[in-house]
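Single-structure report; data block below.
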Amino acid sequence: MKCVIIDDEPLAVELLSKYVGDQESLTLAFATTNPFEAIRFIQKNEVDIIFLDMQMPELTGMQVLKIIGGDYHIIFTTAYTDYALDGYEYNITDYLLKPITYERFEKAVQKTIPAHHPAAAKSILNGDDFIFIKADSRMIKVSLTDIFFIEGLKDYVSIRTATEKLITLQNLKTLEQELPARQFLRVHKSYIIALGRIDVVERNRIFIGAYSIPIGETYRDAFLKRIGGNKI
């Protein structure tokens, strides 16, 4: 989803830009402290989510909202709790109270997913040994035993099986929660692997067939514990 950030505080723009960059499902299309520049950009480009400061010296968030019209996910940012109630009258997605934490930012973003991609929000239906993945306009049944690994990319997730590579609009974190923990493990910020498919572990790499997958430092200890090793 393409995002625009509008905030008169440069540090707030910088922080929100970083948060957007850390989300696999988001792309930063435009960020500015100037609401007029943002309005011109929004009117000429495709935008999905707007992070909009409520109180700016040139235009308020409400004024910007009235000018741009359109169907966007609006997430207001504000240092004043009083504005939150006003914002909900405009049917916005959420509001973020400054200082904004990453955890709170992430929760606001998650609220946009069912509305923006209703099928993607329900793209995984668990069975005992399979899942359904929404790829293109189809729901594809995938056997869990066929999955080699899952890779989180910038705007989508790639699921590598024994025979194909499936692309889906899905959040890697959501997949991690949906897949059975006895069979799958997150080993890197961008990778979930099928434990039963591991062929070799060497240094900081996992080899599954012809594929080499890195082990992230954050996930290293948990991975070694799962495979019964204490060092590589």
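Give the accessible surface of region 21-66 per residue, rounded to a whole number of Å², with probe radius 1.4 Å and ligands, DNA and RNA excluded.
On a per-residue basis, region 21-66 sits at 46 Å².
Taking all protein chains as present, what is the carbon and sulfur share of the accessible area of region 133-232, in % to the nearest whole number, probe 1.4 Å?
46 percent
Order of 100-108, 31-39 by packing, highest average Cβ count within 10 Å first?
Most protected by this proxy first, the peptides run 31-39, 100-108.
Which aspartates and glutamates, if any, have their Cα less than 20 Å from the Cα of residue 134, not counting same-chain residues under 8 positions apart?
24, 146, 151, 155, 164, 176, 178
The values are calculated or read from the model by the stated rules, or taken from the named source; none is laboratory data. Fair warning: this is a prediction, and the values are worked out from it, not measured in the lab. Using ideal geometry, Cβ is built from the backbone for each residue, glycine included, and neighbour counts are taken over all protein chains shown. Surface areas here come from the heavy atoms of the whole protein model, side chains and all, with no ligands, DNA or RNA. Shrake-Rupley method; radii C 1.70, N 1.55, O 1.52, S 1.80 Å.
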